[in-house]
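K.L.:
Quick one: the structure is below, questions incoming.
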Ligand code: TRP
């Protein structure tokens with residue numbers, strides 16, 4: 001089944017692959033999604049559910065995506081067909097539609113991030129929450145966010161056109177260490193804020209047992225886990241297709257998932273102390289998307305020059321995290337255009353960003369539209385996760401066997417993963433999917 005294309009690039013080292021996968025996983029989802037989803041009432045219950053989903057559901061799916069990619073050595077669109085025949089073509093299509101949809105609004109949020117970064121650097125921070133809201137709506141309404149969106153897409157296209165080693169791997173090797181240093185610095189800084197304790201307790205220790213069965217909290221936990229780990233839409237399939245046969249898939253899945261989760265939790269340790277120290281708790285309860293872009297600059301604005309420096313570090317960090325995620329989203333359609341149609345990488349990269357730009361126009365114009373595409377895309381991820389686990393657990397379990405043997409996995413790990421992907425993961429994801437669709441439909445019908 002394995003078809004080696006001699007021209008297919010490979011990661012230059014294990015570290016290169018892990019950094020690229022972590023670069024994809026760690027993004028605005030960790031900084032922005034984690035903060036707003038846990039602040040919307042779920043609190044610690046959300047964090048617990050999220051961790052459970054990561055452990056029980058996402059880790060096996062990670063290995064499943066890796067196996068599929070490495071075994072078929074093909075991009076996400078072709079991998080399901082190569083593994084299980086043309087009946088599985090719809091999964092390939094899902095692997096194209098979902099990343100394009102996500103990239104279309106992801107680039108818009110990147111544009112906001114860049115705008116606030118540039119403002120912090122050259123102009124300064126807002127004096128109060130009203131001014132911050134005004135600044136955000138001036139970014140958000142009109143033509144200004146087109147600039148940030150187009151810039152981000154072009155930058156992403158440029159990096160991806162450089163290929164696996166000289167583009168994706170190189171940028172991650174530069175960006176990921178900078179990101180971790182900034183993150184640790186910001187967590188320490190936030191710990192010394194006046195009301196950091198109150199921030200932590202509202203985030204991690206605000207435990208309400210009823211929230212564990214709240215269907216919105218459950219949907220958020222599933223969405224956050226899949227979105228944050230870049231799982232369910234073939235990114236890990238695509239990245240693993242550039243792997244050599246020897247690397248150990250299960251342990252790499254654990255490394256990537258743990259790093260991503262640690263970053264998610266650390267982001268909360270930054271945002272919550274800021275929010276509570278500056279008395280912005282009420283503002284975030286009523287907002288979702290805008291949390292990061294209104295409250296953080298307002299809070300830091302009260303801190304003079306030091307605050308401005310922190311704002312530059314924070315939004316710089318967010319942008320770095322986002323660009324390494326955006327390129328993973330772009331790589332899926334780009335690698336498909338290359339593999340299936342034999343197009344040149346350069347052309348594929350810029351054609352892809354152009355199409356994504358067009359699809360993203362409504363999200364630039366309406367934040368509500370953006371939020372709806374986000375909710376819908378998150379459902380697609382969960383659906384993709386279900387199909388991948390079903391494919392590897394039931395349809396082509398041999399693929400998993402071969403790849404785990406090549407990885408030198410112990411019999412215990414093998415048995416666990418095989419059992420999980422057959423009897424545990426698909427069932428829990430199916431339940432999560434049904435609950436999430438139901439919750440979203442209720443939300444949408446209520447808002448009509
Ligand atoms: N995981 C990234 C984040 O947390 C976003 C992202 C990149 C993504 N690739 C993805 C989300 C694939 C879902 C699927 O911001």
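Values quoted throughout were computed directly from the atomic coordinates according to the rules given, and no laboratory measurement underlies them. Since this is a predicted model, take the numbers as computed values, not measurements. Here the Cβ positions follow ideal geometry from the backbone for every residue, glycine too, while neighbour counts run over all protein chains shown.
K.L.:
Just the ratio, please: alpha-carbon radius of gyration of the range 80-146 over 2.2 N^0.38 Å, N its number of residues.
P.N.:
So the range 80-146 has a normalised radius of gyration of 1.81.
K.L.:
Let me ask something else. Using only Cα atoms and rounding to the nearest 10 degrees, what angle (0 to 90) does helix 89-122 make with the longest principal axis of the chain?
P.N.:
So the helix axis and the longest Cα principal axis differ by about 30 degrees.
K.L.:
With everything on Cα atoms, drop me the angle between helix 397-406 and the longest principal axis of the chain, reported from 0 to 90° to the nearest 10.
P.N.:
In the chain, helix 397-406 runs at an angle near 80 degrees to the longest axis.
K.L.:
Tell me the Kirkwood hydrodynamic radius of the range 333-448 in angstroms, computed as one over the mean inverse distance between distinct C-alpha pairs.
P.N.:
Its Kirkwood hydrodynamic radius stands at 17.6 Å.
K.L.:
Could you calculate the contour length gain from residue 13 to residue 213, that is, 0.36 nm times the residue separation minus the distance between their Cα atoms, to one decimal place in nm?
P.N.:
Gain on extension, residue 13 to residue 213, equals 67.7 nm.
K.L.:
What percent do you get for the relative contact order of the chain when only Cα pairs under 8 Å and 6+ apart count?
P.N.:
Worked out over the chain, it gives 34 percent.
K.L.:
Would you compute, from DSSP H runs of 4+ residues alone, the mean residue ellipticity of the chain at 222 nm, taking -39500 (n - 2.57) per run and dividing by the full residue count, rounded to the nearest 500?
P.N.:
-24500 deg cm²/dmol
K.L.:
May I ask you to work out the translational diffusion coefficient for the chain at 20 °C, viscosity 1.002 mPa s, via Stokes-Einstein with Rh from the Kirkwood sum over Cα pairs, reported in whole µm²/s?
P.N.:
It diffuses with D of about 98 µm²/s by this estimate.
K.L.:
Order these by the 10 Å Cβ neighbour count, fewest first: 374, 127, 260.
P.N.:
Arranged by neighbour count, lowest to highest, 374, 127, 260 become 127, 374, 260.
K.L.:
Cα axis of helix 291-301 to longest principal axis of the chain: angle in degrees, 0 to 90, nearest 10?
P.N.:
40 degrees
K.L.:
Let me ask you something else. When a footprinting reagent is the concern and you count Cβ atoms within 10 Å, what order do 194, 439, 115 take, fewest first?
P.N.:
So the ranking, lowest neighbour count to highest, is 194, 439, 115.
K.L.:
Just need log10 I(q)/I(0) for the range 247-368 at q = 0.12, 0.13, 0.18 Å⁻¹, Debye formula, equal scatterers on the alpha-carbon atoms, no solvent, rounded to two decimals.
P.N.:
Listed by q, the Debye log ratios stand at -0.71, -0.80, -1.09.
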